[in-house]
Amino acid sequence: MTDTATDTACALGASRTLWELVDRRAALTPRRPVLLQDQDGGAARVLTFGGLRDRAERVAAGLYGQGVRPGSVVAWQLPTRIETVLLSVALARLGAVQTPVIPFYREREVGFALRESKADFFAVPGRWRDFDHTAMAHRLGAHGVFEAYGNVPEGDPGTLPPPPSDGTAVRWIYWTSGTTSDPKGVLHTDRSLIAGGSCLAHALRLSPDDVGSIAFPYAHIGG
């Protein structure tokens, strides 16, 4: 990395919260692509850093209108796509507690995660890959079930409370596989996720011109 790139990376890595990280990067390079999603038979969908920040604020306002508040526990079981990232960043803007659930988990693992996290809301993709996630959510008695695959709720960002400023609060609950026993909830803060991402970027010597891929579910902590 050049000295300028190193200074920028250090400044971004020092962000207190995930939302602050997104906001800082959007201010630096608003038109630079952050997400590329291939589509069968069509051009790839592209979202810029500025677009991510602005749309995530609108989604946060939509979620706020549905009753999601700072500290609300929101579980989501969504495949890797642009809307999933938007929802997650929007929840970070609100200061909600997120508990991502890997999309191929079924009743045993999902039910356990919902019960243990005491989730107030549960975002699902509806019917995806011949499985009805919405029906499963209702069978499990999940609270606040809503679909967030092709569409995510949006609203007026002017209705939002201030963004969170404490990056040391637990705002993430990730789940182990539960292959031989019940899944285990792993607690993370915004700062612990940012630190992990910064270390990975440094180890891989990533530059602004590199394009990466996500080979595992975004709901996995590696996402």
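Nothing in this text is a laboratory measurement; each read-out follows from the coordinates by a stated rule. Everything numeric in this text was worked out from a predicted model, so none of it was measured. Glycine gets a Cβ as well: all are built from the backbone with ideal geometry, and neighbour counts include every protein chain shown.
Computed quantities for the displayed model
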item	result
Between 0 and 90°, nearest 10: helix 107-117 axis offset from the chain longest Cα axis	70 degrees
Hydrodynamic radius of region 4-110 per Kirkwood, over alpha carbon pairs, in Å	15.2 Å
Difference of contour (0.36 nm per residue) and Cα-Cα distance, residue 66 to residue 177	36.9 nm
Burial ordering of 69, 55, fewest other beta-carbon atoms within 10 Å first	69, 55
Ranked list, fewest to most other Cβ atoms within 10 Å of each Cβ, for 165, 72, 181	181, 165, 72
Cα-based equivalent ellipsoid of region 176-221: semi-axis lengths in Å, sorted from largest, via gyration tensor	27, 14, 8
C-alpha long axis of helix 190-204 to longest principal axis of the chain, angle in °	60 degrees
Descending semi-axes in whole angstrom, ellipsoid equivalent of the chain, from the Cα gyration tensor	28, 19, 19
Computed label-point distance, nm, for sites residue 140 and residue 210 using a 7 Å Cα→Cβ extension	3.5 nm
Residues 168, 189, sorted so that the one with the fewest Cβ neighbours within 10 Å comes first	168, 189
